Amino acid sequence: GDVDVGTLTLDSSEAIINGDATIDSGVFNWHGRVTQTVYCRGGTANGRCDCVTNSSGYPVNTANGPHCQGNAVALDHYLIAYEPTGSVCAPSTVTITACANAACSATYGGGANVTLAPTGQAVSIPASGVASAAVTWTQTGTNTLGVTGAPTACIRNGDAAPGADCKVTVASSAYTMTTNGVAFYAEATAPHTTPTLTLAAVRYDARSNACVPLFNNTTRNVNFKCYYANPTGGTVPVRLNGKALNDGTVPTCDNTGLTLPLSFDANGKTTLPMQYADAGAVTVEATDNGSGSPGKASVTATFVPAKFKIALPGAPYVAGQPFATTVTAQNDGGGTTGNFGKEAPAQTVKLSAAACRPNNNNGLLATTPTLKNGVVTFQTQWSEVGNIDLVASLDGGNYLGSGMAPGSS
């Protein structure tokens, strides 16, 4: 029959739904099948099954593989999440969600092209129903955000519920914060790119119609805090210049952060080395409360496990009998990245087998994984005799859309 659930998990092997499945997301393990149509509530791109993690061994749109459609849900309104302050010298990031109901607990999956007020820029909203846009302010004062094509609601970042007035107070000066990439390996060391954070203080100059340094050859005391963006919790802090961004009473990011004296160069910039030992997306926020301060700045970066490590029990291994295989997500220093698997959407490990002797592909690998604090334990079975290589890799091969993945093992 048909099923209608949040997350549908089809375990290995031969788990079958003889009918349709309407789902938020699906995990189809080895030979898991839905014989009819998978309806993705959040929508799906044409010819794809974006809502399904497909480890069934049956490719999408083949006879036994999943066939997906977007579940047609009407657009109710747009929700804009934003910061209430900005600057003509620094773009602001807003998040636009196409909501399928008044509470915005479900998204509209039909996609849309909208115009963002007051800048007039075009924004494309994908089938996921969520898009981010960088707003470049052209004038100081109060600017009001809006979206064409449907009613609009606003929520300030950090608020518990919508109801904000959509107004942004735009100043002529700003701190801007950037990193030397959007993603890095956790605890990165050479030859991997080691992350750095650059803070610049700029102001708008009407004569040159450009943004110029606000501070140069000056030392300022700047407070830095870190926040867990995805997942929303953590066990270690971000470090700048080798120092943890907390007051030392807890081993995590906290509400106190760390104040550092920073020397701004002739271009109004200062650069600090940055490290994070865990996986996920984290945000660093800078606040300067001194005289002439341009306010706050923040940047979010993604940290990817550098590698996987496989551990096996001792022999003998018997055809058709289970044995435990442990895969640990690690940073570049060999430490466990305990936040791996806690992301939204949760990242997972794929365990596959390459037959060595005999190499006739007759064996069937069955796995049942459990994940805790960055360690995935598989109950593993190989149906044949002979030798195999086990390979652990990131399922999907792209960690949180960063374009990076842990090294396979």
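The values are calculated or read from the model by the stated rules, or taken from the named source; none is laboratory data. Because the structure is a prediction, the values reported are computed rather than measured. Note: ideal-geometry Cβ built from the backbone for every residue, glycine included; neighbour counts use all protein chains shown. Remember, those area values only see protein heavy atoms, side chains included, never the ligands or the DNA or RNA. Shrake-Rupley method; radii C 1.70, N 1.55, O 1.52, S 1.80 Å.
Counting every C-alpha pair in segment 131-186, the share spaced more than 13 angstrom apart comes to 75%. Mean sequence separation of contacting Cα pairs (under 8 Å, at least six apart), scaled by the length of the chain, corresponds to a relative contact order of 10 percent.
Please give the contour-minus-distance gain from residue 4 to residue 255: 0.36 nm per residue of separation, less the Cα-Cα distance, rounded to one decimal in nm. Let's see the in-between values first.
Details: separation 251, 0.36 × 251 = 90.36 nm, distance 4.15 nm.
Full extension from residue 4 to residue 255 adds 86.2 nm.
Applying a 4.7 Å Cβ-Cβ cutoff to the chain leaves 356 as cysteine residues with no disulfide-compatible partner. Let me know the shape class of segment 292-409, please: from the alpha-carbon gyration tensor, a ≥ b ≥ c as square roots of the eigenvalues, rounded when a/c is under 1.5, otherwise prolate if a/b is greater than b/c, or oblate. Note, shape of segment 292-409 comes out prolate.
Of the solvent-accessible surface of segment 1-43, computed with a 1.4 Å probe over protein heavy atoms with every protein chain present, carbon and sulfur atoms account for 43 percent.
If a spin label sat at a point 7 angstrom from the Cα of residue 67 along the line to its beta carbon, the backbone N atoms of segment 5-40 nearer than 18 Å would be those of 16-23, 32-40.
In this calculation the C-beta distance from residue 293 to residue 138 is compared with R0 = 30 Å, giving a FRET efficiency of 0.80. How would you classify segment 152-310 from its alpha-carbon gyration tensor, with a ≥ b ≥ c the square roots of the eigenvalues: rounded for a/c under 1.5, else prolate if a/b is greater than b/c, otherwise oblate? Verdict is oblate for segment 152-310. Residues whose amide H comes within less than 5 Å of that of residue 125, counting only those at least five positions distant or on another chain, are 112, 113, 114 (H built at 1.01 Å from N in the peptide plane). For segment 376-394 versus segment 235-295, the spacing of their alpha-carbon centroids is 43 Å. Prolate is the label for segment 1-155, because a/c, from the alpha-carbon gyration tensor with a ≥ b ≥ c as root eigenvalues, is 1.5 or above and a/b exceeds b/c. Solvent exposure of residue 332, expressed as accessible area, is near 30 Å², computed with a probe of 1.4 Å over the protein chains only. Computed extension length for residue 346-residue 311: 10.4 nm, one decimal, from 0.36 nm per residue of separation with the Cα-Cα distance subtracted. Over the chain, the alpha carbon radius of gyration divided by the compact-protein estimate 2.2 N^0.38 Å works out to 1.14.
Which pairs in the list 309/342; 167/342; 296/342; 307/342; 225/342 are over 26 Å apart, alpha-carbon to alpha-carbon? Beyond 26 Å: 167/342; 296/342.
With r defined as the distance between the Cβ atoms of residue 267 and residue 373 and R0 fixed at 35 Å, what FRET efficiency is calculated, to the nearest 0.05?
Details: r = 43 Å, r/R0 = 1.23.
Plugging the Cβ-Cβ distance into 1/(1 + (r/R0)^6) gives 0.20.
Averaged over its residues, the chain has an accessible area of 47 Å² per residue, based on protein heavy atoms and a 1.4 Å probe.
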